[in-house]
There are 2 protein chains.
Amino acid sequence: MPATRVLDNMFHPQSVAVVGASANPAGWGGSNFLNDLIKRGYQGNVYPVNPKASVISGLKCYTDVKSLPEPPDLVIIAIPAPSVPQLLRDCIIRGVKNVHIFTSGFSETGEEEGRKLDAEITAIISNSDLRVVGPNCMGLWVPGSKLTYWGGAPKGAGGLALLSQSGGHGEFLTMYAQNLGVYFSKIISFGNARGLQAIDYLEYLAQDPETKMIACYFEGMQDGTRVTQLIKQINKTKPVFVWKSGLTPSGARAVSSHTGSLAGESKIWQAFYAQTGAVPVSSLEEIVDMALAFMYLPPATGRRVLLLGGGGGNAVALADICSREGLDVPRLTEATRLELNKFIRLAGNSVRNPVDAWSAQDMPEIFKKTLELTVNDPNIDAVIFDRHVWGEEDNPERKARFDQVNNDIIAFCKQNSSRKPIILSLMGVNTFADSVKLKLEVWQKFTLAGIPAYPNTLSAARALSKFIAYYEYLAKQ
Amino acid sequence: MPATRVLDNMFHPQSVAVVGASANPAGWGGSNFLNDLIKRGYQGNVYPVNPKASVISGLKCYTDVKSLPEPPDLVIIAIPAPSVPQLLRDCIIRGVKNVHIFTSGFSETGEEEGRKLDAEITAIISNSDLRVVGPNCMGLWVPGSKLTYWGGAPKGAGGLALLSQSGGHGEFLTMYAQNLGVYFSKIISFGNARGLQAIDYLEYLAQDPETKMIACYFEGMQDGTRVTQLIKQINKTKPVFVWKSGLTPSGARAVSSHTGSLAGESKIWQAFYAQTGAVPVSSLEEIVDMALAFMYLPPATGRRVLLLGGGGGNAVALADICSREGLDVPRLTEATRLELNKFIRLAGNSVRNPVDAWSAQDMPEIFKKTLELTVNDPNIDAVIFDRHVWGEEDNPERKARFDQVNNDIIAFCKQNSSRKPIILSLMGVNTFADSVKLKLEVWQKFTLAGIPAYPNTLSAARALSKFIAYYEYLAKQ
């Protein structure tokens, strides 16, 4: 059986055992996994394992894995580290194939005892055909299988996979991405990676029809050459976003305390990005930024960006940010400027680029004419509309125009016949509760309608520049 | 009379005339200035000037400045650009000393007509003793004088002055800063600067007892050598934050469309920062970040930072960000680690640095012991506490602990006997409306209590690093 078929069984198990679930749990652990399986409607067989209980959460509890009525498709291990080696041996005897070791306390502690336990489980795993996720990790989060016993409740399934040595990152990402319409095929928190490696998961995700984009959070890397080759291959059809952490001196020390990994050298990773064309990211927010771009935008053909904003100082800031992110902000053609000047007055505005015209933010008709003219300018390859969001609640007439322009933006982007990427940045330097609330609502409105919208200009410019770089890389292959 | 005394009269006028106020205003302009003066409770005499009306907003309206009953301390000009030269001549005849030209349509348009008008008013101004703010700007925003006819309503007066070639920047800053307890002495939007120059305002602010810190937004610069010398001098006692925009190719073009300024060269501005010790900033948010640090922190003595956070991947991200911002994240001493290990268990946590321990976020007792031990570690000069904010509303017991830890943080920082700077970053990668709301509330709670709190780790690390750099500069003088 090919390795990917075998892993299918792990991502879509018919039965799950939770070793270390407890009737009286102290702290976060096995019982949370168990209870959330039930709560989220997991349909397969669920087996709590604990020698000290007969029933947990209404389910019959088993003394050990050997006494289970069937070898479960997945065993989740949440018992103290010193007991893990024997449990792995028991799993092998019982014919278990897939194991997730949640337990921490191995080499990442930096202590002698942890390192010894680590060596012991590594030996057991490598001498068996056990497929092991972890240890020291949150494991699998798979909406399609209702394996979502950590992180935010699934709001749907989608095309983004996350492969992460940090479970916290996966958890936070579910709570950030889903409200913006970015849903997941699989999230894999694989921690210290003493069994399955990045390469194994990547091979699986490469052929997984549910997965359209792959985000990776790496602290260390085994088998770097093969991973590089594989990511280069995958990235041609499924964009791969790679967050490599620990490349600073302090970060490298933190990596060794977290997953016991060796962070590697900055130079090597620069070569990795150059060779693979993978999109470099450095935060969870940026993973979502990139996912939104790849989900909704037509392919990029150039770096010449139109900036449509409001406010002179703000226009300069926009242009500076875009320039620093490697985007060009060229002058519009004379023809476009003359047309714009017919309905945008000269004083207090600018129709060069950035186009600084409050009326295009506030008046639906002006907005439409401005966008149509500028998007189709031959000097322009892509558009950032810096959409101003403030509290309009005290002026119903203005709020109605604000809503109308937002609807028109969505309609325009949906029908975008120019096939040029158009994205929004949400401008709102404002700490009033109403404005902050409105900004979040508008952000969700745009993203849920399929328009890449970003919480500030820097995110927007950076995402667009990296999106363009992806297509530049493809064009050179 | 010294120049600064003369300017006092402009910042604190006993009478204001608004030329171009209208009984039936179209668009934003003179009438807004007039009406907001009344609304905000300005106590001096207010004179609308417009030949086409006899009463505006309940006030007697005058045909022209020459017919005013007294030479007003400040004349606000909001009439079309072609009429401005003659009005300036009339002001000189009437003995007016202080003028704010709101009107735009001069050299910033890049058109021949604007340039000619610009030359004309520049000649009039330089041949008179008129003190002119602008043109093409919002003018003065002075809470102490109730001259706050643009921007957010004043919530108080404070120690931050803003000198800005962009009025929009001033406006947004009032709506961002004040809710975080950062209040202003003066905001000066000076646009194209054809009359009073940066140097004039800086000389005034240098001796202004209300002003404790000065933020500058510059697009261009006249008289660079004198400004550099002056800022170097001021910065020794009043920290000066300087945002120089337009240093990228696209930004420079945008600057010329905005205020018609020449943006200057990047190299020259690097020398400016090195020579003056001014704090380089590049956004409005960063101005507030720096103000919070200087308002509340004891002087910095070193770059060795303790990071207190939760989550292993997050700890690595914190360390990477700090390293990139030039901060050190050294290991804690063995003695501190042994003490921490007495109440923070090894598995799933780290007590090296970053200190990764969810219990210190969640349990008031653990928080206190952790902070006391780590802050006083001899390897540590300053602290960033990455405070995790999520929605706790569904769990009253947890919410109570969350509130308790927040109160304890405030108490600890207030009594901070270590005299080491302690700042907070608010960690909340989360787009749920409740969490976003809670994060804003917590942010305000901390900042209004006098604790520098930042919306994310990058802002926190960057602000702390620049704060430290300021004291490093002073130490070298």
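Values as computed for the structure displayed
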item: Percent antiparallel among DSSP beta bridges (both partners in the protein assembly as shown, rounded to 5); result: 15 percent
item: Cleavage-rule hits (trypsin sites (Lys or Arg not before Pro)) in the stretch B:226-318: DSSP loop, at most 14 neighbouring Cβ within 10 angstrom; result: B:Lys236
item: Label spacing, shortest first and in nm, from B:Glu111 to its equivalents in the remaining copies (7 angstrom along Cα→Cβ); result: 7.6
item: Pseudo-label separations to other copies for A:Gln14 - Cα-to-Cβ vector, 7 Å, nm; result: 9.5
item: Nonlocal amide H pairs with A:Asn98, under 5 Å, H built at 1.01 Å; result: A:Val75, A:Arg131
item: Counting DSSP beta bridges with both ends in the stretch A:121-195, the antiparallel % (nearest 5); result: 40 percent
item: Per-residue mean of C-beta atoms belonging to partner chains within 10 Å, peptide A:102-110; result: 3
item: Order by protection proxy (mean Cβ within 10 Å, highest first), peptides A:452-459, B:23-30, B:164-171; result: B:164-171, A:452-459, B:23-30
item: Ratio of the Cα radius of gyration of the protein assembly as shown to 2.2 N^0.38 Å, where N counts its residues; result: 1.03
item: Teacher prompt: B:Ala400 distances to equivalent labels in other copies, 7 Å Cα→Cβ, nm; result: 5.0
item: Residue mean of other protein chain beta carbons inside 10 Å, A:254-262; result: 6
item: D (Stokes-Einstein, µm²/s), Kirkwood Cα radius, the stretch B:1-96, 1.567 mPa s at 4 °C; result: 95 µm²/s
item: Acute angle (nearest 10 degrees) that the helix A:364-375 long axis makes with the longest principal axis of chain A, alpha-carbon atoms; result: 80 degrees
item: Stokes-Einstein D for the stretch A:82-164, Kirkwood Rh over Cα pairs, 10 °C, 1.306 mPa s (µm²/s); result: 111 µm²/s
item: Whole-percent carbon and sulfur share, accessible surface of the stretch A:58-177, 1.4 Å; result: 52 percent
item: Cα-only radius of gyration and Dmax that characterise chain B, units Å; result: 25.6, 82
item: Projected-area average for the stretch A:130-212 over all orientations - Cα convex hull basis, square nanometres; result: 5.0 nm²
item: Three-way shape label, the stretch A:162-294, alpha-carbon gyration tensor, a/c 1.5; result: rounded
item: Contact order normalised by residue count of chain B, Cα under 8 Å, 6+ apart, percent; result: 11 percent
item: Degrees separating the helix B:198-207 axis from the principal Cα axis of chain B, which is the longest one; result: 60 degrees
item: Helix A:167-177 vs. chain A, principal-axis angle (Cα, 0 to 90°, nearest 10); result: 40 degrees
item: Percentage relative contact order, the stretch B:194-251, counting C-alpha pairs under 8 Å, at least six apart; result: 42 percent
item: Accessible area of the stretch A:152-286 divided out per residue, in Å², using a probe of 1.4 angstrom; result: 31 Å²
item: Helical contribution to [θ] at 222 nm, DSSP H n ≥ 4, -39,500 (n - 2.57), averaged over chain B, rounded to 500; result: -13500 deg cm²/dmol
item: Ellipsoid semi-axes in whole angstrom, largest first, where each is sqrt(5λ) of the Cα gyration tensor of the stretch A:331-477; result: 25, 21, 13
item: Leading residue at positive end of dipole, the stretch B:177-286 (Cβ point charges), from B:Gln197, B:Thr276, B:Phe218; result: B:Thr276
item: Antiparallel DSSP beta bridges within chain A, as percent of all bridges there, nearest 5; result: 15 percent
item: Among A:Thr301, A:Phe343, A:Ala317 the positive-end extreme of the charge dipole of the stretch A:293-354 (Cβ point charges); result: A:Phe343
item: About the Cα centre, charge dipole magnitude for the stretch B:11-121 (Lys/Arg +1, Asp/Glu -1 at Cβ), debye; result: 440 debye
item: Within 10 Å of each Cβ in A:241-253, the average number of Cβ atoms from other chains; result: 6
item: Positive-end extreme of charge dipole, the stretch B:387-477 - chosen from B:Ser418, B:Trp443, B:Phe432 (charges on Cβ); result: B:Ser418
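The values are calculated or read from the model by the stated rules, or taken from the named source; none is laboratory data. Since we're looking at a predicted model, the values are computed, not measured. Virtual Cβ from ideal backbone geometry, glycine too; neighbours counted across all protein chains shown. When the accessible area is computed, the model is the full protein with side chains, heavy atoms only, and any ligands, DNA or RNA have been set aside. Shrake-Rupley method; radii C 1.70, N 1.55, O 1.52, S 1.80 Å.
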